[in-house]
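Heads up: the structure comes next, in structure tokens.
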Amino acid sequence: MNATSTGLIFAVLSPLFNSISTIFKTGAAKSLTPLIVVGIGGLIGSVLLFLLAKLFKEKDIISKIKRHWRDLIFVILLRNLLGELFFTVGLSQTTAIKAIFFTKIEPYFVLIFSWFLLKEKIKSRYLLLLAAHLFGAIVLSTGGKFNLFTKAQIGDLFVIIAMAFFALSYNFGKKVAHNVGPISGNAISMGLASLIVLPFVVFFSPLQKLSNQTYGWMYLFTYVILFNVISLTLWYASLKSVKGWIISSLRYIGPVFGAPFAYLLFRETLSTIQIIGAAIIIATSFLIIREHVHSGDNEFEEEI
């Protein structure tokens, strides 16, 4: 099996673990606090990843950091800090089953950034797909009740903003995966971001949130294993041999496994109109990758 085939397998597995982890992350964010999830969860994940990096004998880490510190800083800022904070705060306000569908908007942010930042021409059918995708997101969020703006919809908006930050991190993440290593790069960026957040955990998280929340801590630890250790490491590993836009587009398969978990764990369901919105999101996500596969476009390969 060549590197590209292995990378594609990693690219498929990563969103599956990601979507399932989102369910547990939502439970942790609501039982504990978003700051605890990002700060303490990231710290636990970082320690586990450093042990894993030692097991796989990734070498010369310090020298690699010195040479590629700029890319690490961008990954930390865009993905581990801004992206994670917006995402986790959003999860604390909305439902997990909606969130796993909203994450599928990420490929369109990659498309938009390549349009604005790289001045690339965007085909009209991509814009139509984007419009349909956004319509599906609005239907999913509102359930067809367009005259209301609720706390949950603010959470939905935060999740979508987080996807924008995640999309911006792809190119920098690819460089980190190549130059530092998928496990070490993940561990370093996650660990440093957690150290930045931890002081805020101490000052702004109520003490009662640090105890008497058995299920919250169980959710947090499960999320750390599924996302921080498994999914995010697979994401970095896939970036070494697979184009960023392909990896991003493959996220559409996540809800296939994530939605049943949301029902089994929290009995979360969608209304009929919300299911239609979710179906539009999945269909447009599938079509965007299908367009690229058939046309051979490489517009997402460029640096953002």
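Worth a mention:
- All positions within segment 120-153 that are modelled with pLDDT under 75, of a type in the set (Gly, Ala, Ser) and in contact with a helix residue (DSSP H, G or I) (Cβ under 9 Å, 6 or more places away or on another chain): 137, 141, 143, 144
- Residue within segment 185-193 that is in a helix (DSSP H, G or I), in contact with a helix residue (DSSP H, G or I) (Cβ under 7 Å, 6 or more places away or on another chain), more than 18 Å from residue 231 (Cα to Cα) and at pLDDT 90 or above present: yes
- In summary, residue 23 fulfils each of the numbered conditions (1) of a type outside the set (S, T, N, Q); (2) at pLDDT below 90; (3) farther than 17 Å from residue 218 by Cβ with the single exception of condition (3).
- In segment 64-94, the residues that are over 16 Å from the mean Cα position of the chain (by Cα), in a helix (DSSP H, G or I) and either buried (at least 20 other Cβ atoms within 10 Å of the Cβ) or of a type outside the set (A, V, I, L, M, F, W, C) (or both): 64, 66, 67, 70, 71, 72, 93
- No other residue among 221, 200, 227 is within 16 Å of residue 83 (Cα to Cα), at pLDDT 85 or above and in a helix (DSSP H, G or I) apart from 227.
- Residue in segment 55-66 that is within 29 Å of residue 282 (Cα to Cα), of a type outside the set (S, T, N, Q) and at pLDDT 75 or above present: no
- Some residue of segment 48-58 being part of a loop (DSSP other than H, G, I, E, B), surrounded by fewer than 23 Cβ atoms within 10 Å (Cβ to Cβ) and charged (D, E, K, R): yes
To keep it simple, each residue is scored yes or no on (1) assigned to a helix (DSSP H, G or I); (2) at pLDDT 75 or above; (3) of a type outside the set (Gly, Ala, Ser).
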{"site": "245", "(1), (2), (3)": "yes, no, yes"}
{"site": "249", "(1), (2), (3)": "yes, no, no"}
{"site": "292", "(1), (2), (3)": "yes, no, yes"}
{"site": "304", "(1), (2), (3)": "no, no, yes"}
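- Verdict on residue 29 being touching a residue at least 12 places away in the same chain (Cβ under 8 Å), hydrophobic (A, V, I, L, M, F, W, C) and either crowded, with 24+ Cβ neighbours inside 10 Å or outside any helix (DSSP H, G or I) (or both): yes
- Of all residues in segment 32-46, those satisfying the criterion of being modelled with pLDDT of 90 or more and aliphatic (A, V, I, L, M) are 35, 36, 37, 38, 40, 43, 44.
The values are calculated or read from the model by the stated rules, or taken from the named source; none is laboratory data. The structure displayed is predicted, hence computed values, not measured ones. All Cβ positions, glycine included, derive from the backbone under ideal geometry; neighbour counts span all protein chains shown.
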